[in-house]
Amino acid sequence: MTAWYCLGEMQERFEKIKDPVKKAEVLRFMYSGEVSEFAKHAPLVIAVIGTLMEGSVDVPYDLSAAIENMLLEAHSLGLGACWVHGPVASTRDAKKFKEILKIPTGMGEYKVIAYVAIGWPAEERKHPRPKKPLEEMVYWEEFGKKERPEYE
Amino acid sequence: MNKIEYCNDIMVRLEELLFHELSGCAAWKVELVGIDFIQAKEIKGSTPEEVIQNCIKEITASGLVKEMTYSIDGRDIKLELTMKDCVHLPKEVKLKQDGVKPYICPITNMILDQLIEKLNFETTYMAEVNINENTGECRVKSAIYKDEDNIGLVCDWSKE
């Protein structure tokens, strides 16, 4: 089981692009806001917010788990869904987003963590996404120990 | 008691905690840190140059930074600030020693805030903080986007 880690992988892929024209196009796309524009065309966009007022603990983690459940459910129904974080990542942008939806903007009131765009997938994924070999990520009994111990 | 030292030590702890919680995303959450000082100064100006120069006057007059210069290059989207002997330099040095790349510059935040507040810039972000503990100098690169048409412009910051 893996969760998609966006920036690290993107950076690695970007660095492999050698054509300067293509590189400039990709950069413009990444920084123009177009990267999140697909959400404008989605039939359903869910703003994921959590209260910070009612004895809440670990709100970002709770919301993240809820989003993952939404993605899995959408996928199981044959839909496509995408966790969109960028447009609400900065403090100013998150405030603007709250104002649009009339969500109270106090820093101690509600946290907006992301939105989820849901629709019908435009295409099948062509390639399996790259994964590190399990041996690189799994340690046994202590950090860094790659050999699996033998148990009796 | 040295109040600046006390304040910087508190900031170091908070920055380390926030970085530990959010990793690289921590830098996106802290753009308002420091802006109260400059917002109280009623900065005036009708161009980026005027606004930045007036901010620098207030910042240096207050003693927050001893010497400060700026340049706008790279298709007008790159703002580079150079600061010498900033009161927060010890904070950045401590963070660097602890293995956390400095990511909150209250002084830069002040200037970016005024570009947004006074000139309605669409968005800004601080991209890179380089400190030199030996010379007491900081160089901070930021992206500044005047309007929607600017967003998506890119430049090679090492050349432009």
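The values are calculated or read from the model by the stated rules, or taken from the named source; none is laboratory data. Values in this document were obtained by computation on a predicted structure and should not be read as measured data. Virtual Cβ from ideal backbone geometry, glycine too; neighbours counted across all protein chains shown.
For the range A:93-134, residues that are more than 14 Å from every other protein chain (Cβ to nearest Cβ) and either buried (at least 16 other Cβ atoms within 10 Å of the Cβ) or not aliphatic (A, V, I, L, M) (or both) total 26.
Here is a list of conditions, (1) more than 14 Å from chain A (Cβ to nearest Cβ); (2) over 17 Å from the mean Cα position of the chain (by Cα), and B:H20 meets all of them except one; can you say which number that is? Just one mismatch for B:H20, condition (1). Of the candidates B:I35, B:I56, B:I107, the single residue that is within 14 Å of chain A (Cβ to nearest Cβ) and either under 18 Å from B:T135 (Cα atoms) or at pLDDT 95 or above (or both) is B:I35.
Restricting attention to the range A:47-88, the residues that are more than 14 Å from the chain's Cα centre (by Cα) and β-branched (V, I, T) add up to 4. Restricted to strands (runs of 3 or more DSSP E) entirely inside the range B:54-153, those with at least 1 residues that are within 18 Å of B:G24 (Cβ to Cβ) and small (G, A, S) are B:123-132, B:137-145.
The single condition among (1) surrounded by 14 or more Cβ atoms within 10 Å (Cβ to Cβ); (2) away from chain A (no Cβ under 14 Å); (3) among the charged types (D, E, K, R) that B:R13 does not meet is (1). Would a scan of the range B:32-46 turn up a residue that is free of Cβ contacts under 8 Å to residues at least 40 places away in the same chain, hydroxyl-bearing (S, T, Y) and over 27 Å from B:E16 (Cα atoms)? No.
Every listed requirement among (1) modelled with pLDDT of 90 or more; (2) in a helix (DSSP H, G or I); (3) within 13 Å of chain B (Cβ to nearest Cβ) is met by A:A65 save one, (3). If the requirement is being within 14 Å of chain A (Cβ to nearest Cβ), touching a Pro at 6+ places or on another chain (Cβ under 9 Å) and modelled with pLDDT of 95 or more, which of these qualifies: B:L95, B:L119, B:L115? Just a single option satisfies the conditions, and that option is B:L115.
Candidates in the range A:71-92 are the residues that are away from chain B (no Cβ under 14 Å) and part of a helix (DSSP H, G or I); of these, the one that is surrounded by the fewest Cβ atoms within 10 Å (Cβ to Cβ) is A:S76.
When B:E42 is tested against (1) modelled with pLDDT of 95 or more; (2) away from chain A (no Cβ under 14 Å); (3) out of contact with any Pro (no Cβ under 8 Å at 6 or more places or on another chain), only condition (1) is not met.
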